[in-house]
């Protein structure tokens, strides 16, 4: 009986101690002080710890992000991926699943508690993902590329020149059409301009008179209906040539 009475007293003391401890915690919480200047500076100087959590082959990869100062891990946070708020992420631990290759910017902002008066700055880091399968659908016309347009004045010769060229040698796989001032040029026309043999993907235009000349090269393939490079060249009376405009365009309906 004495043993039971003693045990009961001990249990009462433990209950009172636990209750008192809870009150103490609540009291501390209700009397929480504002951050000091040092605390505010510490928050703004935090960095982001980045940890690779797991990967799913070339389909997806998971990363975890946390502030690097343990003192502030109990705070709530707002997290951003490429400036897009992640509304479900409100704690100091943020996990994200990446499904596309690229370089991503991850940022957080602490959500201040009542009474905190820090002026906070957004903290960011970057993550490069390059191990995933590229699922983007490529435009076949992107494979058609043009060399830089070369223009030479006629100071030491009797003509100014402008050279256009499509990159690569795809004779048989690609079709090339050349235009001067809206007129399509045959190979014989281009030979007359060059006074030499011509290639399907290169033409050096010679201009002996002043004027504005519009040159266009159209390239097409089985996958791409057509991609063009258009150039406007201006030749003055001294046979100085200036490229006034140049642009690339994909024809309507391409790719097919």
| task | Work out, step by step, the length gained on full extension between residue 159 and residue 121: first 0.36 nm times the residue separation, then minus their alpha carbon distance; give nm to one decimal. | result | 7.5 nm
| Going by how many other beta carbons lie within 10 Å of each one, how would you line up 46, 218, fewest first? | 46, 218
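What full-extension length gain, to one decimal in nm, is calculated for residue 252 and residue 62 as 0.36 nm per residue of separation minus the Cα-Cα distance?
Contour length minus Cα-Cα distance gives 64.3 nm.
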| remark: Per-residue Cβ contact counts at 10 Å, fewest first, order 164, 194 as 194, 164
| Using the scaling law 2.2 N^0.38 Å as the reference, what is the normalised Cα Rg of the range 56-214? | 1.94
| note | 1/(1 + (r/R0)^6) with r = Cβ-Cβ of residue 181 and residue 223, R0 = 30 Å, i.e. FRET efficiency to nearest 0.05, evaluates to 0.50
| query | What is the Cα radius of gyration of the range 214-256 over 2.2 N^0.38 Å, N being its residue count? | reply | 1.52
| remark: Expressed in angstrom, Rg and Dmax over the Cα atoms of the range 150-244 are 13.7, 44
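Subtract the Cα-Cα distance of residue 242 and residue 230 from 0.36 nm times their separation in residues, and report this length gain in nm to one decimal. Spell out each step's value before the answer.
On the way: separation 12, 0.36 × 12 = 4.32 nm, distance 1.42 nm.
Full extension from residue 242 to residue 230 adds 2.9 nm.
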| message | Let's test the formula: R0 of 30 Å, r as the Cβ-Cβ distance of residue 173 and residue 133. What FRET efficiency results, to the nearest 0.05? | response | 0.65
| Taking the alpha-carbon centroid of each part, what is the distance from the range 59-96 to the range 203-228 in angstrom? | 53
| query | Between residue 91 and residue 112, how many nm apart are label points set 7 Å from Cα along the C-beta direction? | reply | 2.5
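None of the figures in this text is laboratory data; all of them are computed from the coordinates on show. Owing to the predicted nature of the structure, the values given are computational and were not obtained by experimental measurement. Quick reminder, even Gly has a Cβ in these numbers, built from the backbone with ideal geometry, and neighbours come from all protein chains shown.
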